[in-house]
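Asker: Before I ask anything, let me first share the structure, which is written out below as C-alpha cells.
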Amino acid sequence: MRVQYVRSLSVSDRVSSSQFVGRQRELELIWNQYEAARSGSARIVLMVGELGIGKTRLLDEVATRTMQEGAIVLRGGASESEGMPPYLPFLEALGRYIRTTPLNELHKQISVVPQALASILPELAVRLGQLPVSYPSPPEQARLRLYEAVGTFLKAISAPQVLVLTIDDLQWADAASLDLLCYIVRQQSHAKLLVLSTCREGELGQNSVLDRAVNELTRQRVLTTIPVNPLSAEETEVLATSYLGGPLRACIKRPKKPMYLIAMKRLVEPFRTRTPLVLARISFEQMKN
Ligand SMILES: Nc1ncnc2c1ncn2[C@@H]1O[C@H](COP(=O)(O)OP(=O)(O)O)[C@@H](O)[C@H]1O
Ligand SMILES: [Mg+2]
C-alpha cells in the first residue's frame with residue numbers, strides 16, 4: 001500500500017517531501033536570531049532569493065526546528081491575488097491561533113484589548129462571546145489601538161515560549177501589514193518574537209512599500225537579511241538523488257528512460273513545478289558537456 005502511494009506522488013510532491021539538503025550557513029545565521037529572540041529581543045529575518053531557489057523550504061525547515069525546540073509557530077503569508085484583505089498575514093496567523101487555543105488561555109491573552117482585535121478578527125467574538133463595547137474613534141486612533149492590540153496579543157502569546165511568526169512572500173504584503181510589522185517590533189522590542197519572512201529577489205529596490213519597511217526595520221537594528229543562493233554542486237547531487245533515484249549525471253546519461261525524461265522536463269520548467277532553479281541549471285550544464 002505504502003509503496004503504491006509513494007509511486008503515485010508527482011515529481012514536485014517528491015521534491016517537497018524529499019530530505020532537506022544543505023543551507024548550513026543560512027541555518028546558523030537564522031539560529032543566531034532565534035537565540036536573540038529567545039533571550040527577549042524581537043528579531044526579523046528576511047530570506048531573499050529568486051523564485052524556486054528554496055526560500056519557502058528553508059523557512060519551513062527553520063519553523064519545524066524551532067517548534068521542536070519548544071517555540072510556538074504561527075504561519076501567515078502574503079498573496080498576490082487581488083481583493084485580499086489588509087493585514088492578511090496577521091489574519092491568517094492569528095485567526096488559526098484563536099480557533100485552536102484553549103478558551104481560558106485566550107481569555108487571559110486578550111484581556112487587555114479584546115475589542116480592537118475583534119474589529120479585524122471576528123473569530124474572537126465567536127469564541128469568547130460578547131466583548132465589551134468600544135466607542136468610535138477617528139481612523140488614525142483606531143489604527144493605533146489596533147496596532148497596540150496586536151502587539152500586546154503577540155507579546156502575551158510569546159510570554160511562556162518563543163513565538164515564531166512566519167510571513168512567506170513578504171513582497172506581496174500590503175502597506176498596512178508592513179506598517180504593523182514595524183510597529184510591533186518597535187513597541188514590543190523585548191518580546192520573545194522571531195519573524196521569519198521571505199522575499200523574491202529583485203523586489204528590494206523596486207517595491208517602494210517594502211523598501212520603506214525594510215529601511216525602517218534596518219534603522220531599528222532588528223532586521224537580518226539572508227541571501228538564499230544556489231545549492232552547491234554536491235548538495236544538488238544529494239537533492240537529485242533523493243528524488244530522481246540516482247545521481248544527476250547518471251540520469252542525464254540515460255535520457256531514453258521515460259522516467260528520467262519526464263523528471264528532467266519538469267526540472268527545467270521551474271514556473272510550473274517550482275523545482276530549485278539551480279538543479280535545472282546544473283542539468284543544462286551537464287547536458288552541454
Ligand atoms: N534545501 C532544500 N532541500 C530539499 N528540497 C528543497 C530545498 N530547497 C528547495 N527545495 C525544494 O525545491 C522546491 C522549490 O523550493 P521553494 O522553497 O518552494 O522555492 P521558493 O520559495 O524560493 O520559490 C520545493 O519543492 C522545495 O521542497
Ligand atoms: Mg516560496
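No value in this document is a laboratory result; all are computed from the given coordinates. None of these values were measured; they are calculated from a predicted model. Virtual Cβ from ideal backbone geometry, glycine too; neighbours counted across all protein chains shown.
Asker: Could you put F20, F90 in order, starting from the residue whose Cβ has the fewest other Cβ atoms within 10 Å?
Answerer: With the fewest neighbours first, F20, F90 line up as F20, F90.
Asker: Same structure, new question: Each label point is 7 Å from the Cα along the Cα-to-Cβ direction; what then is the distance between the points at M84 and T64, in nm?
Answerer: For the pair M84/T64, the computed spacing is 2.4 nm.
Asker: Under Stokes-Einstein, with the Kirkwood radius over Cα pairs standing in for Rh, what whole-number D in µm²/s applies to region 127-192 at 37 °C and 0.692 mPa s?
Answerer: It diffuses with D of about 240 µm²/s by this estimate.
Asker: Mark the label point 7 Å from the Cα of S111 along Cα→Cβ and return the residues of region 150-169 whose backbone N is within less than 15 Å of it.
Answerer: Taking a point 7 Å out along Cα→Cβ of S111, the residues of region 150-169 whose backbone N falls under 15 Å are 153, 156-157, 159-160.
Asker: Under the rule a/c < 1.5 gives rounded, and otherwise a/b versus b/c splits prolate from oblate, where does region 44-111 land using the Cα gyration tensor?
Answerer: In terms of gyration-tensor shape, oblate.
Asker: As a footprinting exposure proxy, order C182, C199 by other Cβ within 10 Å, with the fewest listed first.
Answerer: C182, C199
Asker: Report the calculated FRET efficiency for Q220 and F20 (r = Cβ-Cβ distance, R0 = 35 Å), to the nearest 0.05.
Answerer: E between Q220 and F20, to the nearest 0.05, is 0.65.
Asker: What is the gain in length, in nm to one decimal, between E234 and T101 on full extension, counting 0.36 nm per residue of separation less the C-alpha to C-alpha distance?
Answerer: Extra length available between E234 and T101 comes to 43.5 nm.
Asker: With the Cα gyration tensor of region 11-227 in hand, convert its eigenvalues to equivalent ellipsoid semi-axes via √(5λ) and list them largest first in whole Å.
Answerer: Semi-axis lengths for region 11-227 are 28, 20, 17 Å.
Asker: Counting Lys and Arg as +1 and Asp and Glu as -1, what is the net charge of the other residues whose Cβ lies under 9 Å from the Cβ of P227?
Answerer: -2
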